[in-house]
Amino acid sequence: MKIKNNIFSLDSTDLNILEALQEDARQTYTTIGKHLGIAHSTVYDRIRRMEHYGIIKKYTTLIDTEKIGAKNIMAIMAVITDPKESEKVAEKLCKSPQVLEVYTSLSEELQIMAKVVAESQESLHEFIAQTVAPLPGVLRIRTSIVTKKFKETQPLIINEPKKLTLTKEKHNKKANKHERRG
């Protein structure tokens, strides 16, 4: 990773390390290093640097909730908003523990797409009726309940010769948000 003109550039080694971590974040630095043909100390240094600059946000565990008996309702919610209020609506949705993911989409109209989880249909209905619908700027809500999950994963980095970049200014904004929370 290089920093030039306030832009972080990831090289192919950084990208390969990130791909290895996405496949299995519990791998040792030595295992990753052997797989990539580099020293474990290089892997360690690069991971620590990417953590420091917020490129690696956190490590997590994907759990198959069905295998542990959790009976949750998963839904995809499309929230049509007044364009002037969409950012505020999206930010408020992000604060709800029932909302797992939030995206915006510019198609025929401005939409916020959210992946929502609830304990039951009743609790899903309550969340939508009492939390989402009253938000200023919400015009319409379309909800689709997920009936069968075929695949659930995090996107892998496509390791192409191109370099990924992140401006230092964006990193500093993210770092400041984390400091204010802590």
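Could you list 150, 8 so that the one with the fewest beta carbons within 10 Å of its beta carbon is first and the one with the most is last?
Going from sparsest to densest Cβ surroundings: 150, 8.
Pairs to check: 58/115; 34/115; 88/151. Give those whose C-alpha atoms are more than 27 Å from each other in this structure. Could you put the intermediate results ahead of the total?
Working: 58/115 20 Å; 34/115 38 Å; 88/151 30 Å.
Violating the 27 Å Cα-Cα cut-off are 34/115; 88/151.
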Two-site FRET efficiency, residue 12 against residue 120, from Cβ-Cβ distance with R₀ of 35 Å, rounded to 0.05: 0.15
Prolate/oblate/rounded call for segment 1-67, Cα gyration tensor, a/c under 1.5 rounded: oblate
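Can you give the charge dipole size of segment 70-145 about its Cα centre, rounded to the nearest 20 debye, using +1 on the beta carbon of Lys and Arg and -1 on the beta carbon of Asp and Glu? It would help to have the intermediate numbers written out before the result.
On the way: 8 positive and 10 negative charges, 18 e Å.
Using Cβ point charges on Lys, Arg, Asp and Glu, segment 70-145 gives about 80 debye.
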Dipole of segment 75-117, positive direction: furthest Cα of 105, 81, 93, with charges on the beta-carbon: 93
Whole-number D in µm² s⁻¹ for segment 70-145, Kirkwood Cα-pair radius fed into Stokes-Einstein, 10 °C, 1.306 mPa s: 130 µm²/s
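Any read-out appearing in this document is the output of simple, stated calculations on the displayed coordinates, not a laboratory observation. Just so it is clear, the model here is predicted, and its values are computed rather than measured. Quick reminder, even Gly has a Cβ in these numbers, built from the backbone with ideal geometry, and neighbours come from all protein chains shown.
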